[in-house]
Amino acid sequence: MSISHAPPSAPEPDISDIPGKDGSLELEPLVPTSSRRTRVPRWLRRTTGPVVLVLLWQVLSATGVLASDVLASPGRIAQVGRDLIADGSLTSAMGTSLQRVAAGLLLGTLVGTGLALVSGLFRIGEDLVDAPVQMLRTVPFVGLIPLFIIWFGIGEAPKIAIITLGVTFPLYLNVYAGIRGVDSQLIEAGESLGLSRWGLVRHVVLPGALPGALTGLRYSLGIAWLALVFAEQVNADSGIGFLMVQARDFLRTDVIVVCLIVYAFLGLLADFVVRSLERLLLQWRPTFTGR
């Protein structure tokens with residue numbers, strides 16, 4: 001017969017050894033590591049990089065490391081920008097370019113979304129539409145500029161057509177992927193609740209495809225401004241691209257940089273609008289926003 005020996009029990013801690021009033025136990029709150037760090041405003045973090053870059057640019061220009069005929073200094077660019085705004089040439093060019101982008105974006109949105117709906121909702125539509133669209137998507141739209149000039153002339157039509165073509169394909173791909181990415185169990189749940197085909201499309205498929213559609217719209221806006229740069233090189237007599245062509249002929253790097261900054265600002269503004277739409281329309285979808 002074996003005799004088992006129980007392990008000696010650990011001595012109970014003396015409560016008088018624990019710091020606290022009258023020997024009572026005090027709990028120290030745990031503070032997350034992230035909250036212990038010094039909080040820096042987000043706007044300050046986001047603007048630090050551009051500000052440092054501009055300061056470095058100004059220092060290189062002032063010391064002569066960066067020649068003015070290669071790239072004008074930030075101070076010179078700011079002065080030229082004020083002059084272009086004062087004489088009205090920059091605001092007029094911005095208005096013309098915005099009209100072209102708006103027209104091309106509207107047409108491209110209608111065409112791309114319409115084709116994606118036909119191809120995504122119907123198998124026969126996919127068989128008829130998807131293959132031609134995928135083939136055209138691989139053709140650089142810039143390479144079609146000569147054909148557009150032959151077909152539409154040198155007026156506004158080829159410029160809007162280039163922007164439309166650049167906008168169509170990102171929207172088509174993202175809307176199509178959003179439709180086909182809807183969970184099939186949601187479709188079955190809708191059918192079990194008695195939803196018709198149109199009810200399924202309206203209440204299940206389209207809301208499920210909305211995040212992809214908005215992502216495609218953001219891509220399309222970026223490509224729209226890129227297409228505008230090429231479009232306004234086609235015998236344009238107005239617009240931001242026209243100012244850039246004139247500045248190139250006279251070796252005015254300051255005017256060229258002002259036009260590039262305007263392009264970047266308009267693109268950033270358009271992206272902000274779409275991101276605001278995402279936050280407004282996708283409130284039902286909780287997402288990770290970073291730490």
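Screening LEU251, LEU269, LEU226 for residues that are open to solvent by 80 Å² or more (accessible area, probe 1.4 Å), touching a Gly at 6+ places or on another chain (Cβ under 8 Å) and among the aliphatic types (A, V, I, L, M) leaves exactly one candidate, LEU226.
Pairs please, first residue from segment 140-164 and over 15 Å from TRP225 (Cα atoms), second anywhere and surrounded by 11 or more Cβ atoms within 10 Å (Cβ to Cβ) and of a type in the set (S, T, N, Q), Cβ atoms under 7 Å, 6+ apart in sequence or on different chains. From residues that are over 15 Å from TRP225 (Cα atoms), the pairs are ILE154/ASN235. Number of residues in segment 78-132 that are among the hydrophobic types (A, V, I, L, M, F, W, C) and touching a helix residue (DSSP H, G or I) at 6+ places or on another chain (Cβ under 6 Å) equals 13.
Taken together, the criteria place GLN246 among residues that are under 27 Å from ARG76 (Cα atoms) and exposed (fewer than 15 other Cβ atoms within 10 Å of the Cβ).
Scanning segment 187-243 for residues that are over 29 Å from the mean Cα position of the chain (by Cα) and of a type in the set (A, V, I, L, M, F, W, C) gives ILE187, ALA189, LEU193, LEU195, TRP198, LEU200.
Of the residues making up segment 197-206, those that are open to solvent by less than 70 Å² (accessible area, probe 1.4 Å) and more than 15 Å from THR113 (Cβ to Cβ) are GLY199, LEU200, VAL204. Listed by position, the helices (runs of 4 or more DSSP H) inside segment 175-269 whose residues that are at negative phi and modelled with pLDDT of 85 or more number at least 2 are 206-231, 240-249.
For segment 104-150, a residue qualifies if it is polar (S, T, N, Q) and outside any helix (DSSP H, G or I), and exactly one does: THR138. A single entry from LEU56, LEU66, LEU44 fulfils the requirement of being at pLDDT below 85, of a type in the set (A, V, I, L, M, F, W, C) and either open to solvent by 80 Å² or more (accessible area, probe 1.4 Å) or farther than 28 Å from GLY241 by Cα (or both): LEU44.
If only residues of segment 89-137 that are of a type in the set (Ser, Thr, Tyr) and under 20 Å from MET244 (Cβ atoms) are counted, the one that is least open to solvent (accessible area, probe 1.4 Å) is SER97.
The values are calculated or read from the model by the stated rules, or taken from the named source; none is laboratory data. In this text the structure is predicted, and so the values were computed from the model without any measurement. When we count neighbours, we look across all protein chains shown, and the Cβ atoms used for this are built from the backbone with ideal geometry, even at glycine. To get the accessible areas, we keep the full protein, side chains included, count just its heavy atoms, and leave off ligands, DNA and RNA. Shrake-Rupley method; radii C 1.70, N 1.55, O 1.52, S 1.80 Å.
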